[in-house]
Amino acid sequence: MTDVAIVGMGPWGLSVLERLVTGALERPSSRHDLTVHVVEPGTPGSGVYGGPQPDYLILNTPCGQHSMYPFAAPGRAGMGFYEWAVASGYQWVGDRCDVTTRGRPLTPHDFLPRRLMGEYLAWAYRCLEREAPEGVTFVHHPTTAAGLEAHDGRERLRLAGGGVLDVDHVVLTTGHTPNGRPPGAAFLPPYPVDGLAGTVPELTSVGVQGMGLVALDVVMALTRGRGGTFVRRDGRLRYRPSGTEPRIALFSRSGTPYCAKSLGATDLTDEFEAVICTRTALRELRADGRRMDARRELLPLVFAEMTVAYYTQAARLAEGPGAAPVVAERLAAAWRAGRFSGAVAGLADRFGAFDADAHFFAGESESFVSSKDYEVWVTDLLATDVDAALVPNGASPVKVAYEVLRPLRDAMRDAVEYGGLAPASHRDFQANLRNRVARIVAGPPVHRNEQLLALMDAEIVRTPFGPSPEVVPDGDGAVVASRLLDRQHAERVDRLVAAHIDQPTVHDSSSPLLRQLFADGRVRQFQVDGEELGSIDLTEDFHPVRADGHPERRLWVFGALAEGVRYYTAYIPGPASRVRAFLDARVCAEQILEEA
Ligand SMILES: Cc1cc2nc3c(=O)[nH]c(=O)nc-3n(C[C@H](O)[C@H](O)[C@H](O)COP(=O)(O)OP(=O)(O)OC[C@H]3O[C@@H](n4cnc5c(N)ncnc54)[C@H](O)[C@@H]3O)c2cc1C
């Protein structure tokens, strides 16, 4: 008899469960004797997508790209998210998704409300429960795990509200586990966004710290969520206010908004073949265990690959499909011969200039005279990007170059995870570069950035402070003052929202479970060359490393809790660029099933 506890049954816990069930089904001759204890206070499967959520909170990936059954599974009950939503009868009614026959049918390119993902994941959990072979049993414990101790050669999990569970393996998939220190008393949390109705009064002014996806959720809650509507007039989206919106000032460290996902673009991970930033080239960066500098060694390869993508697409559009491989081969040969910039200059004459570095670090080397100057720059950047994203099927050469970061992100993991970067570069990667990649490739659907432009046009959303302003708390609000504008701009906002999600740490966690594991020396901070770097430390087969350097073989950690020692963990596992989660989970499931 083997007992395994999965602590946190969101999408990552579900991917471990899927691999356990599939692994058990693939061993038809074995007699199974496995109990899976699911410790989860919410609906099992749903994670952050559970509970009631307004439909304007949408996923940032098209529904056709999600499936909790990412591998061919003939005879299995599961299906992809799009197929499930259609089979469930969902259709669009305005910007809502309802079960109806009188709405507009869904397409695989649609960005559906997150609420539906919560339902889909809960459905997938129930499917797995039904499909589990004889001898594999699920037990749901609707509570949180509050502590964990080694006990008699097994693990004893302490459940909040009383009770213990003795198990052989514990899989920790608790997601975005918050840190202990709040960002400051003056800051309001962004979620649940409905809470902002109570904390941000009508007609006040609110400073939103962050310009990424969380900030867009906050903006939507304070506008669309307050009864405002978007209408298209003369081909352009306009905002019709309800009259109750606060004035919203967005700001962030980089001061650069996220790029939009293109209309009809698909995830090309399975077809993509790098010609410069290959897995071999990336592996060489780590040869003999050396630690690299991401800006100096990794990014040039990434930028070169983006440049190849831009010019091959530009050549395809201008001269037909036959021109693309010729350009790719010419650029790859020029890279090998050390003549890349000359070859690029030649192509720029034919197809226009493309500077991957400037796109990636947009804003970093800009200087702004005034608040107005910066606001015009933000609006132009958003509008140019929206125009590129509206080119059907993601065919704009700039967007094709951006999309290269999606498959490359997976290859980059091999270069940067588990101490691939020198300590200073690791900190730079976590603080700056990771967000730059996300800005380009993990942005909102294009209609969301069109809505943001409409809100800026209506002067409900502004960006008056420039990058990296100073924030001085003042009562319930704060005084925000520009630091990088030649002509200083400062104003008081009545409320402040911290619109970002910090990376989980182990030395400063708000989770009693993690705090105890850290205090007991059963987990430690990830270290590079003796420097402690905040996140949990893991072995390459996903076990936490103890303070004494030994692995905890009965414990496993996956998902956002592992961000830091690992790279790119906060996503819904699925096919193509999201399949790594299932491959990692398989390592864990196979070992548990072998032992069972
Ligand atoms: C608001 C928001 C929107 C997002 N939108 C997207 C998106 O559109 N697309 C995308 O790919 N990614 C998105 N993400 C990223 C997100 O990290 C992943 O999509 C996904 O939710 C991660 O899955 P997870 O299982 O790691 O974490 P979660 O979904 O957070 O699930 C973790 C689960 O652990 C449980 N838990 C926590 N602590 C304990 C404990 N001590 N004991 C027992 N249970 C516990 C929680 O109740 C929760 O159900 C979003 C994240 C947020 C916060």
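The values are calculated or read from the model by the stated rules, or taken from the named source; none is laboratory data. Please read all numbers here as calculations on a predicted model, not as lab measurements. Note that we place each Cβ from the backbone using ideal geometry, even for glycine, and neighbour counts take in every protein chain shown. These area figures cover heavy atoms from the full protein model, side chains too; ligands, DNA and RNA do not enter into them. Shrake-Rupley method; radii C 1.70, N 1.55, O 1.52, S 1.80 Å.
Within segment 182-216, count every residue that is open to solvent by 10 Å² or more (accessible area, probe 1.4 Å), part of a helix (DSSP H, G or I) and either in the same structural domain as Asp95 (by TED's automatic domain parsing) or within 16 Å of the ligand (Cβ to nearest atom) (or both).
5
For segment 239-262, which residues satisfy the criterion of being outside any strand (DSSP E or B), farther than 24 Å from Arg434 by Cα and open to solvent by 10 Å² or more (accessible area, probe 1.4 Å)?
Pro241, Ser242, Gly243, Thr244, Glu245
Somewhere in segment 32-40, is a residue open to solvent by 30 Å² or more (accessible area, probe 1.4 Å), without any contact (Cβ under 8 Å) to a residue 24 or more places away in the chain and out of contact with any helix residue (DSSP H, G or I) (no Cβ under 8 Å at 6 or more places or on another chain)?
No, that holds for no residue.
Does Arg524 satisfy being touching an Asp or Glu at 6+ places or on another chain (Cβ under 8 Å) and either of a type in the set (Lys, Arg) or in the same structural domain as Gly8 (by TED's automatic domain parsing) (or both)? Steps first, please.
On the way: touching an Asp or Glu at 6+ places or on another chain (Cβ under 8 Å): yes; either of a type in the set (Lys, Arg) or in the same structural domain as Gly8 (by TED's automatic domain parsing) (or both): yes.
So Arg524 passes the test.
Do we find that Arg566 is surrounded by fewer than 23 Cβ atoms within 10 Å (Cβ to Cβ) and basic (Lys, Arg) in this structure?
Taking the combined requirement at face value, the residue does not satisfy it.
Listed here are the residues, each with its yes/no results for (1) away from the ligand (no atom under 13 Å from the Cβ); (2) aliphatic (A, V, I, L, M); (3) over 16 Å from the mean Cα position of the chain (by Cα).
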site	(1), (2), (3)
His507	yes, no, yes
Arg515	no, no, yes
Arg553	yes, no, yes
Phe558	no, no, no
Leu583	yes, yes, yes
Ala589	yes, yes, yes
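How many residues does segment 474-521 hold that are more than 17 Å from Arg253 (Cα to Cα) and in a strand (DSSP E or B)?
7
Please work out which residue is surrounded by the fewest Cβ atoms within 10 Å (Cβ to Cβ), limiting yourself to segment 535-563 and to residues that are touching a Pro at 6+ places or on another chain (Cβ under 9 Å) and more than 30 Å from Ala72 (Cα to Cα).
Per the stated criteria, the residue is Pro551.
Return the residue satisfying two criteria in turn: it lies in segment 276-285 and is open to solvent by less than 60 Å² (accessible area, probe 1.4 Å) and in contact with a helix residue (DSSP H, G or I) (Cβ under 7 Å, 6 or more places away or on another chain), and of such residues it is farthest from Ala424 (Cα to Cα). Spell out how you get there, then give the answer.
First, pick out the residues of segment 276-285 that are open to solvent by less than 60 Å² (accessible area, probe 1.4 Å): 276-278, 281-282, 285.
Those left that are additionally in contact with a helix residue (DSSP H, G or I) (Cβ under 7 Å, 6 or more places away or on another chain): 276-277, 281-282, 285.
Details: Ile276: 26, Cys277: 23, Ala281: 22, Leu282: 19, Leu285: 16 Å.
This residue is Ile276.
Anything in segment 65-79 that is modelled with pLDDT of 90 or more and surrounded by fewer than 18 Cβ atoms within 10 Å (Cβ to Cβ)? List them, or say none.
Phe71
Do you know which residues across segment 410-432 are open to solvent by less than 10 Å² (accessible area, probe 1.4 Å), modelled with pLDDT of 95 or more and within 20 Å of His359 (Cβ to Cβ)?
Phe429 - this is the single residue of segment 410-432 that is open to solvent by less than 10 Å² (accessible area, probe 1.4 Å), modelled with pLDDT of 95 or more and within 20 Å of His359 (Cβ to Cβ).
Collect the residues in segment 44-83 that are of a type in the set (S, T, N, Q), more than 8 Å from the ligand (Cβ to nearest atom) and assigned to a loop (DSSP other than H, G, I, E, B), keeping them in residue-number order.
Gln53
Is it the case that some residue within segment 160-181 is away from the ligand (no atom under 13 Å from the Cβ), of a type in the set (Asp, Glu) and touching a strand residue (DSSP E or B) at 6+ places or on another chain (Cβ under 9 Å)?
yes
Pull up segment 378-409, narrow it to residues that are under 17 Å from Asn449 (Cα atoms) and charged (D, E, K, R), then point me to the one that is surrounded by the fewest Cβ atoms within 10 Å (Cβ to Cβ).
Asp380
Take the residues in segment 461-508 that are open to solvent by less than 10 Å² (accessible area, probe 1.4 Å) and of a type in the set (Ser, Thr, Tyr); name whichever of them is nearest to Thr223 (Cα to Cα).
If we take residues in segment 461-508 being open to solvent by less than 10 Å² (accessible area, probe 1.4 Å) and of a type in the set (Ser, Thr, Tyr), then Thr463 is nearest to Thr223 (Cα to Cα).
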